[in-house]
Every structure is written in C-alpha cells, then in structure tokens.
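Right, one structure below, let's go through it.
The values are calculated or read from the model by the stated rules, or taken from the named source; none is laboratory data. Please read these numbers as outputs of a predicted model, since none were measured by experiment. Please note: Cβ atoms are built from the backbone with ideal geometry, for glycine as well, and neighbour counts cover all protein chains shown.
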Amino acid sequence: MLKTKVFFNNLGVIKKGNLELNDFTLLCGANNTGKTYVMYSLYGLIDYSFEVNFNFVENLVNQLSQEPVYQYNIKNLIGDNLDDILEAITLGINKNLPNIFGTNLDEFNKTQIKLELDIDLILTNLTNQKWQHRLFLGNKESDWFLDIQKSENDPNITFTMRDKGIPLRLLIELISAHIALFILNQNDRINNHNCFLIPAERAGLNLFFKELSSIRNRLIHDAQKDNINSMEVLKDIVKSRYAEPISDYLEFLNDLNNSKKKKSNYQIQAQSIQKNIIKGKYKIDSDGDIFFLPDQSNKKKMPLHFTSSTVKTLFSLVFYLEHLAQPGDYLMIDEPELSLHPDNQRNLARVLGKLVNSGVKVVVSTHSPYFVRELNNLIMLSKSFEKSDELRQRYGYEADECLNPEKVSAYLFADNTIKQMEVDNNEGIIAETFDNVINNLNQSSNEIYYASQEEEDGDAE
C-alpha cells in the first residue's frame with residue numbers, strides 16, 4: 001500500500017485522529033485508548049475485506065460489452081473519477097466495520113474512516129507498473145473472462161472481456177474490486193500476499209482453537225436437527241461470531257497441516273527466534289496439534305499446553321515466518337512483548353527490524369518501553385558515525401537490523417486522539433509517554449527510599 005493517510009472519527013474512544021502507514025508503524029498509548037480499534041480497522045483496510053462499486057465502471061462494462069477489447073488512459077480512468085473512487089472506498093470501509101469487529105451496525109453509526117490519497121503519486125506508480133491479470137468464472141475460461149493488462153511505463157491499460165450472460169452487477173463488483181486494489185497499490189494482494197494479524201489473545205487461541213471451532217460447528221450441526229428451533233440456533237451462531245481478525249486467526253490455526261507444506265523466504269528470522277528466545281522448535285502432528293521440541297537432546301517433545309507462556313505466545317509468529325511470509329506482506333502484532341522478558345523483547349525488536357529491511361511491512365501496538373528503546377537503538381545505529389561499527393560489534397547488532405528513521409512512523413494514543421511522535425536518527429522515537437512514567441517511578445522510589453532512610457538514621461541517633 002502506498003503511504004496512505006487514514007482519518008478516524010468517532011472510532012471507539014477516539015474522537016478524531018489520523019495516521020499514515022509506513023514500513024514500520026508503531027502504536028503506543030495507555031490501556032483503553034483505541035489502539036486495538038485502529039489495529040483492527042487497518043487490518044480490514046489492508047486485507048481489503050470490504051466491497052466497492054465505482055459508478056464509472058458501469059460505463060466501462062457497457063463499452064466492453066459492445067467492444068470486447070478496450071483501452072483506457074490511466075489518468076482519465078482514475079484521475080477523472082477520483083471523487084467517486086474516494087467516496088466508494090470510504091463507504092465500503094465504513095459498511096464493513098460491523099464485520100471487522102463482529103458486532104452490529106449500531107455500534108458504528110457515528111464512525112467514519114476516510115483515506116487521503118496522493119493522486120499524483122498514485123498515477124505515477126500505476127503508470128510505472130506492469131500488470132497482467134485474468135479473472136474467470138466457472139470451470140472454463142471460455143464461459144467468461146476478463147483480462148487486465150498494462151505494460152511497464154505505459155499510461156494505458158487494456159481490458160479484454162468475453163461475456164456470456166454474466167450479470168451486470170457482478171461485472172461491476174469484480175472490475176471495481178480490481179481497480180481499487182491497483183489504486184491502493186495492492187497488486188501483491190492479487191498475488192496472494194498476506195496481511196497477517198497476531199492478536200493479543202494469541203496464547204489462549206493457540207491452546208483452544210480446536211475447542212472454539214468445534215463449538216461453532218456443533219451449533220451449525222444442531223441447527224440441522226428436526227427437533228431444534230433453527231432460528232434460535234441461528235441467533236446463537238450470530239452471537240458467537242468473532243471479530244474478523246480473530247476469526248481469520250482461528251482459520252489460520254485450523255489450516256496448519258496444509259500451511260506447513262509451504263516454505264517462506266524468512267527461515268532465518270524464524271530460526272533467530274527459535275535459537276535466541278524459545279530455545280527450541282515447534283512441530284505440527286498429522287492431527288494439527290502443536291508440540292514443542294526443546295533444544296536439549298534429553299527432552300521429548302511437549303504439548304503446547306505444557307510449555308512456558310513465551311513458547312505459547314510466539315508460536316504463530318515463528319510458523320508464519322517459516323511457512324507463509326512473503327515480501328510485500330503486512331505483519332500486524334498486538335502487543336509483541338506479551339510474556340517476554342525484557343531481553344527477549346529486545347531480541348524480538350531486532351527480528352522485526354530485519355523483517356522490515358527484507359520487505360515485510362510491520363504494524364505493532366505496544367506498552368513496552370524496552371521494546372521501544374531497542375527500536376531506538378536500531379534507528380540510531382542506522383546513522384554512520386565514528387564509533388557506530390565498534391558499538392554494533394560490542395553489543396551484537398547486525399547491519400540488517402538497523403532501521404532508517406524514514407521507514408518508521410510512531411503514534412501516541414491519548415486524550416481521545418492520535419498524535420504523531422517524532423522519529424529521528426539522533427534519538428529514535430521520542431516516546432514521552434514512557435519517559436514520564438519511568439521518571440515518575442524513579443522519583444517516587446527515590447523519595448520513598450530516602451524518607452525511610454532518614455527515619456532509620458534518626459532512630460539510630
């Protein structure tokens with residue numbers, strides 16, 4: 001996705017605020033300040049789970065019905081219809097919020113999420129790209145197909161369509177969806193690149209995903225019995241639905257046996273977590289059950305529920321890196337520091353730095369000053385100075401962990417809004433929210449200590 005600014009109005013406790021996604025996007029703030037609301041909303045946007053219908057596409061479809069090969073200038077197609085495009089995308093995002101959060105529409109009556117797109121940058125990006133994508137319905141491409149092609153550095157895009165009675169509304173939805181993907185720079189989404197969100201509830205979900213899935217399956221099974229009130233069961237199913245990121249995460253867990261057959265390009269990062277943090281490897285058996293094999297040769301594999309909280313919470317990240325991660329992915333982690341000692345929080349920050357530098361975009365929400373301070377080290381070490389190499393070597397930093405500050409955006413959630421935090425290569429992320437708490441803690445500790453000592457000294461006299 002291009003650097004798109006996203007505006008939020010009346011989303012949970014957030015009255016008004018905005019942020020811009022970067023290669024590494026950090027969300028900070030106290031509890032109950034709206035970070036998860038924004039994380040889930042961004043997931044719906046990045047994962048492109050909303051529907052759009054552009055008004056101008058109906059004319060395009062009518063032209064293709066008369067002339068099956070038709071060429072458009074991108075500036076005319078996109079630039080001249082930008083208001084329609086923005087309005088339709090905004091409508092699609094907001095209509096999808098109840099699905100994202102697994103709740104009813106009334107919860108978002110006053111909510112509005114809007115995008116601000118840089119049309120010049122979009123048109124330049126679209127012109128430079130090469131596209132070739134074919135859609136078809138049914139078992140045979142001869143029934144219906146739509147071919148979208150554009151040569152590199154060509155301002156024109158060519159649509160080729162064979163239509164055999166496909167409903168007009170369906171054609172408009174299909175073409176609108178692909179135009180939206182191209183506009184949002186989501187060609188990779190068409191090529192099955194992922195948006196993978198690891199929720200804060202991951203440790204429990206990793207343990208109980210089969211039970212959670214079986215409950216829903218049992219409800220559906222009961223609805224088919226003759227002596228059951230199907231409408232009542234249907235209400236139970238609707239009530240038991242999860243927020244979309246949780247539902248997608250459960251689907252990921254239930255498909256482990258298929259996913260483990262794949263290999264990603266990020267084995268090194270997975271191995272780093274296994275070696276430096278969990279000290280072992282995960283195994284998936286033929287039933288899809290998760291086990292952990294410690295590095296010590298004298299220990300047998302352990303069911304996940306017998307392992308430490310660190311092993312439980314890091315399973316999905318390691319599995320994703322081993323089997324699913326691709327360049328261009330978005331990896332979203334809600335509270336990566338969960339169950340981790342400060343040393344391991346630092347190790348994980350370094351792994352994420354490597355991921356960003358190797359093409360995976362990362363979005364993280366955190367409460368951890370240790371995690372943020374390690375990110376700051378990575379940012380400061382990206383600058384070349386006299387002792388930078390010496391310091392990297394002394395403290396074990398690798399060059400591919402260091403983060404260019406231009407790749408990092410950080411936001412503070414406070415006072416019912418979202419405030420951008422400064423990021424530079426002299427200090428890193430200026431996270432006063434943590435500094436204030438640490439300073440207050442230090443001050444209170446010092447006062448308590450010295451007051452106690454003064455009283456003891458007085459009693460001794």
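Worth pointing out:
- Restricted to segment 1-101, the set of helices (runs of 4 or more DSSP H) holding at least 1 residues that are at pLDDT 90 or above comprises 35-46, 82-101.
- Among the numbered conditions (1) surrounded by fewer than 17 Cβ atoms within 10 Å (Cβ to Cβ); (2) within 29 Å of the chain's Cα centre (by Cα), the only one that S176 does not meet is (1).
- Among residues of segment 102-126 being of a type in the set (A, V, I, L, M, F, W, C) and modelled with pLDDT of 90 or more, the one that is nearest to the chain's Cα centre (by Cα) is I113.
- One residue alone among F291, F319 is over 16 Å from N276 (Cβ atoms), in the same structural domain as N257 (by TED's automatic domain parsing) and in a helix (DSSP H, G or I), and that residue is F319.
- Of all residue pairs spaced 6 or more apart or on separate chains, those with beta-carbon atoms under 8 Å, a first member in segment 271-285 that is without any contact (Cβ under 8 Å) to a residue 24 or more places away in the chain and a second member that is part of a helix (DSSP H, G or I) are K281/Q274.
- Residue in segment 367-390 that is out of contact with any helix residue (DSSP H, G or I) (no Cβ under 8 Å at 6 or more places or on another chain), within 29 Å of L324 (Cβ to Cβ) and among the aliphatic types (A, V, I, L, M) present: no
- Top-ranked residue of segment 57-104 - restricted to ones that are in contact with a helix residue (DSSP H, G or I) (Cβ under 7 Å, 6 or more places away or on another chain) and of a type in the set (D, E, K, R), ranked as surrounded by the most Cβ atoms within 10 Å (Cβ to Cβ): E58
- Test: residue in segment 32-46 that is surrounded by fewer than 19 Cβ atoms within 10 Å (Cβ to Cβ), under 21 Å from D334 (Cβ atoms) and not assigned by TED's automatic domain parsing to the domain that holds S247: yes
- Some residue of segment 139-161 being in contact with a helix residue (DSSP H, G or I) (Cβ under 8 Å, 6 or more places away or on another chain), surrounded by fewer than 16 Cβ atoms within 10 Å (Cβ to Cβ), free of Cβ contacts under 8 Å to residues at least 40 places away in the same chain and of a type in the set (A, V, I, L, M, F, W, C): no
Yes or no, residue by residue, for (1) in the same structural domain as H323 (by TED's automatic domain parsing); (2) among the basic types (K, R); (3) part of a helix (DSSP H, G or I):
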| residue | (1), (2), (3) |
| --- | --- |
| Y242 | yes, no, no |
| I246 | yes, no, yes |
| Y249 | yes, no, yes |
| L253 | yes, no, yes |
| K261 | yes, yes, no |
| I268 | yes, no, yes |
| Q271 | yes, no, yes |
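- Considering R241, R216, R202, the condition of being modelled with pLDDT under 80, touching a helix residue (DSSP H, G or I) at 6+ places or on another chain (Cβ under 8 Å) and buried (at least 16 other Cβ atoms within 10 Å of the Cβ) is satisfied by R216 alone.
- Candidates N73, N18, N9, N31 - the one that is touching a strand residue (DSSP E or B) at 6+ places or on another chain (Cβ under 7 Å), polar (S, T, N, Q) and under 19 Å from T433 (Cβ atoms): N18
- For segment 360-387, the candidate set comprises residues that are of a type in the set (S, T, N, Q) and either crowded, with 19+ Cβ neighbours inside 10 Å or touching a strand residue (DSSP E or B) at 6+ places or on another chain (Cβ under 8 Å) (or both); within that set, the residue that is farthest from N31 (Cα to Cα) is S382.
- Within segment 388-435, the set of residues being buried (at least 18 other Cβ atoms within 10 Å of the Cβ), among the β-branched types (V, I, T) and within 23 Å of the chain's Cα centre (by Cα) comprises V408, I418, V423, I429.
- Scanning segment 399-407 for any residue that is modelled with pLDDT of 90 or more, within 13 Å of N376 (Cα to Cα) and in a strand (DSSP E or B) turns up nothing.
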